[in-house]
Every structure is written in structure tokens, then in C-alpha cells.
1. Test Leu75 against the criterion of being at pLDDT 75 or above, surrounded by 14 or more Cβ atoms within 10 Å (Cβ to Cβ) and of a type outside the set (Gly, Ala, Ser), and give yes or no.
2. Can you tell me which of (1) at pLDDT below 80; (2) of a type in the set (Gly, Ala, Ser); (3) surrounded by 12 or more Cβ atoms within 10 Å (Cβ to Cβ) is the one Ala97 doesn't meet?
3. If only one of Arg350, Arg268 is part of a helix (DSSP H, G or I), more than 30 Å from Ala399 (Cα to Cα) and either touching a residue at least 12 places away in the same chain (Cβ under 8 Å) or of a type in the set (A, V, I, L, M) (or both), which one is it?
4. Tell me which of these Val158 doesn't satisfy, since it passes every other one: (1) outside any helix (DSSP H, G or I); (2) at pLDDT below 80; (3) surrounded by 15 or more Cβ atoms within 10 Å (Cβ to Cβ).
5. Cβ-Cβ below 8 Å, separation at least six or inter-chain, first residue in region 151-180 and charged (D, E, K, R), second not in a helix (DSSP H, G or I): which pairs?
6. Taking Val336 as the residue in question, decide whether it is among the hydrophobic types (A, V, I, L, M, F, W, C), at pLDDT 85 or above and in a loop (DSSP other than H, G, I, E, B).
7. Condition test on Val11, is it within 30 Å of Tyr121 (Cβ to Cβ), surrounded by 15 or more Cβ atoms within 10 Å (Cβ to Cβ), modelled with pLDDT of 75 or more and not assigned by TED's automatic domain parsing to the domain that holds Leu83?
8. In region 122-150, what residues are hydroxyl-bearing (Ser, Thr, Tyr) and in contact (Cβ under 8 Å) with a residue 24 or more places away in the chain?
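The values are calculated or read from the model by the stated rules, or taken from the named source; none is laboratory data. Predicted model, so just to flag it, every value in this text is computed and none were measured. Reconstructed Cβ throughout: ideal geometry from the backbone, glycine too, with neighbour counts over all protein chains shown.
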Amino acid sequence: MWSRFTSHLYVRIWLAVVATVVVLAFLVGAAWQLSTDPPQLPIREVLVHNQAGEVIGRAQTKADRKPGDGLEFDLVTTDGQVLNLELPRPKRPPRNAWSRPPFGFGWMLGVVALAVAMGAYPIIRRLTQRLEGLQRGVERWGSGDLSARMVVQGEDEVAFLAERFNHAAERIETLMESQKSLLASHKSLLANASHELRSPLARIRMGLELMDAAPGSTQRAEISRSINELDQLIDEILLASRLDTKQADAEPFETLDLTGLAAEECARVQAQLGTALQTQSLTLQGSARLLRRLIRNLLENARRYSTGEVSLELSETDTGAQRRAVIRVNDHGPGVPPDQRERIFEPFYRLPGASEHEGGVGLGLALVKSITERHSGIVRCEDRPGGGASFVVELPMPATA
């Protein structure tokens, strides 16, 4: 409780001010007490007169009289008599113990500390409230609200900091808007160009079919392979553009058999299918066309870099909050370095050292990530035991009744 209370900046500043004043007052009081000499009692004199008014004797108080002692005189008369005259102190009502030293000084310290605390708290609180407002604005801006701005009050350092933050936030927001607009223009241009390329590509394919070259010639096979790669690239660009512009949201979700989709795609590329399911099928809600593309891209990517068998495993996991279908594609390739496992899902990114004859332009895994997020799932790359890489996709499944 105390640590939570003192975690606030204004409380720590306030306590520091109060403690400083109390210590300073105590030190001043202690120094004053030490530097002050003990009080010297005044010397009193008594005179004795006879009936005629003549002085017949006089005496003075003792020099070593202590505070609190009564008055005592040793008086010698003119005829030689020695008299001892004592005047006791009058009885006074008992004083409160808290009013006597050192408690009187303690009360003074308490009053001073209370006065300082009551006077300093509003000032310190007002200053730290502005700092807390600045903190809340920075947290809002850091969480993604680029429109967050600070209220500028006064002309001190806090106001200058708030003003500079507003200026920097406005510049960054402008740059982000410009970047989004430029990116949207680039994607639109790329999608339109890809769409327009379909017609000349179809004519090239038709012209290739009408060529006199032998059907099995190497040149014709190379041209046909290049056309197929270009056609696949155009298809992937168009699909990526639709996913980025949310046009794929119009595609309805339906209950589908993920096991059947995986079996068809594994048969197409001659990959091994394994399941760890208690039932024969794994059903979920999704787009059959998009999930088929997801599985196909994972298998083709594994086949492109693998030097051995490619396998696909289906399983089901239950995290307590939700059941998930797990797709795991394993290869026997060189693997993916840990520092590249996030970047390989970026559009048009290829691993360093990837050669052109391996195919691909870096859109396949980016589409896998977009389709996975479209289905509220997650995708990651892991090391495969024994060498190679494993791409894991987890998709949410409907709750069972």
C-alpha cells in the first residue's frame, strides 16, 4: 500500500519537501540550543530596616543559585547577629509535560511541517498533474492514436515539452498519411497493371500453342514455364491487392473440411499427409478458395527449397479459451535463420542467397500471412527436428455444443 502511494511523482516530491523542512528546522533548533549559554540568574539583595528607617543589615543571594531554587540570604546585622533569611518559591499549577523541553520544540517542528505540507501540496500537485497529462498523451500516441495532442499551459519547461511533442506528433501523422496514400496508389497501380497483363499473356500463350516448334522442344518448354510463372505472379498480386483492400471480406465463410482440402493439395504435389486427429475430418469456418491457396503456397514453398520429402500434418489443439486447427508443413531444406523468420512473411522479400532458378518472387508467404489473419489465425516459422523448417498455421475452430 505504501509503495503504491509513493509511486506517484507528486507524492515523492511533496514528501521530500516536507522532510527537508523538518530536518532543516531540527538542525537550526539544535544549533541554537547548543550555541546558547546557560541562563544566568540575577543577583538579588535584601535590606533590613529598624523602626527608625535605618539600615541595620543587608545581604545578597548566592552566586551558585540554580534555576528553580528559592531565595536564600545570610544576613549580618550591625550588632553582629547572623540571620538566615529564606524566601521559598511560590507554588504554581503543574505545567503540561508536552509544553516543557524538548516537547515544546517538537510541537514547533510539527506545526512547521504541517504548514509546509499544506502550502506545498497544491503547488506540487498542479505541476505534476501537467506531467501526468503529458504521460497519458504519450501513452495514447504510443498505442497507435496518432491524433493525440497535449494541452499547452503556461510558458515553462513542461509547456515547451508539450508544444514540441505536438509538433513532432503532427509531422509524424502527416508522414504516415502520406505513406498510406502513396502505398495505396502503388498497390492500385500494381493491381491494375497486373489485371491488364492478363490479355497479352493469354495472346502469348495462344501464339505459343500455334508455333511450329516441336511440342517437346526445350525452348518451348522454357517459354511455357515462364508464362506459367508470370501467370501465377499476376494471380498472387491480384489476390494480395484484394486482401489489402478488404475486398476479400465480401467472400462468404462456410463450414469446410480442412482434411479434404489438405489431401487434395498434397496429392497435387505428391506430399505426405499425416494427421493426429481422433476423427477423420477437421472442420472449421472459412473460405475454401483462400485456405486452398494457403495450403498450396506452403507446400510449393517447401517443395521449392526442400531436398527431400515434404509432409503436411494436421492436428487440433485446445488452449482452454478456444479450439484451434493446426497445419504444419515440414521440409528438408536449409531452414530459415532465426533473424529472418519474421521478414520472410513480408511481400517480395526473399532470403539472402536465393537464386532465380528456385522460382518465386516473395509473395507466397506474404499471402499465407494475409489469409491466416483474414481467418483470425496466426502463422510462424520454426526449426524442424532433424533439419529443415516447419511452417505452422493455427486457425480458430467453432466451439462445440
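1. So Leu75 fits the description; yes.
2. (3)
3. On the way: Arg350 fails: part of a helix (DSSP H, G or I).
Only one candidate qualifies: Arg268.
4. Condition not satisfied by Val158: (1).
5. From residues that are charged (D, E, K, R), the pairs are Glu163/Met150; Glu163/Val152; Glu170/Arg149; Glu173/Leu146; Glu173/Ser147.
6. On the way: among the hydrophobic types (A, V, I, L, M, F, W, C): yes; at pLDDT 85 or above: yes; in a loop (DSSP other than H, G, I, E, B): yes.
Judged against the criteria, Val336 is a match.
7. Numbers: within 30 Å of Tyr121 (Cβ to Cβ): yes; surrounded by 15 or more Cβ atoms within 10 Å (Cβ to Cβ): yes; modelled with pLDDT of 75 or more: no; not assigned by TED's automatic domain parsing to the domain that holds Leu83: yes.
Taking the combined requirement at face value, the residue does not satisfy it.
8. Applying the first criterion (hydroxyl-bearing (Ser, Thr, Tyr)) to region 122-150 yields 128, 143, 147.
Thr128, Ser147 - these are the residues of region 122-150 that are hydroxyl-bearing (Ser, Thr, Tyr) and in contact (Cβ under 8 Å) with a residue 24 or more places away in the chain.
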